[in-house]
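As structure tokens, the structure follows; a few thoughts come after it.
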Amino acid sequence: INAEYMDQPSSLRAVVYWGHAPNSQTRLPDMKLAMQKLDLLVVIDPYPTMTAAMHGRKDGVYLLPATTQFETQGSVTCSNRSVQWRERVIHPLFECKTDHEIMYLFAKKFGFAEEPMY
């Protein structure tokens, strides 16, 4: 993207896709080109999605396995703002982690896991 059309000082260097795939986007070739220019691409999903495959990169890409709705428990807020309660059906398989675990591990790695949450 031409810098004169952007309202920020520099281009993005990293993107985290968390439970989102660009399948519904109409400009997939542009998205693939943008993904190739990143320093870091992180995809967090229970299964490899189109995002995990379409970038065409050989480095700087991390696929973090997240749990499915059957491997987690507690309350969730859906995109339509409804609240649901889930019971765990099975324990997480393989190396997948819940969203809360992944968030905590990121916070721990970045040095602010012990900060108070408000």
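Quick notes on this structure:
- Test result for Ile90, surrounded by 12 or more Cβ atoms within 10 Å (Cβ to Cβ), within 30 Å of Met117 (Cβ to Cβ) and aliphatic (A, V, I, L, M): no
- Filter result for Glu101 (acidic (Asp, Glu) and in contact with a strand residue (DSSP E or B) (Cβ under 7 Å, 6 or more places away or on another chain)): no
- Once the range 50-63 is narrowed to residues that are touching a Leu at 6+ places or on another chain (Cβ under 9 Å) and either open to solvent by 50 Å² or more (accessible area, probe 1.4 Å) or not hydrophobic (A, V, I, L, M, F, W, C) (or both), the residue that is nearest to Tyr17 (Cα to Cα) is Thr51.
- Considering residues of the range 93-115 that are exposed (fewer than 10 other Cβ atoms within 10 Å of the Cβ) and acidic (Asp, Glu) only, the residue nearest to Thr67 (Cα to Cα): Glu95
- For Glu71, the requirement of being surrounded by fewer than 13 Cβ atoms within 10 Å (Cβ to Cβ) and either in contact (Cβ under 8 Å) with a residue 24 or more places away in the chain or over 14 Å from the mean Cα position of the chain (by Cα) (or both) is not met.
The values are calculated or read from the model by the stated rules, or taken from the named source; none is laboratory data. Quick caveat: nothing in here was measured; it's all calculated off a predicted structure. Note that each Cβ is placed from the backbone with ideal geometry, even for glycine, and that neighbours are counted across all protein chains shown. Only protein heavy atoms, including side chains, enter the accessible area calculation; ligands, DNA and RNA are left aside. Shrake-Rupley method; radii C 1.70, N 1.55, O 1.52, S 1.80 Å.
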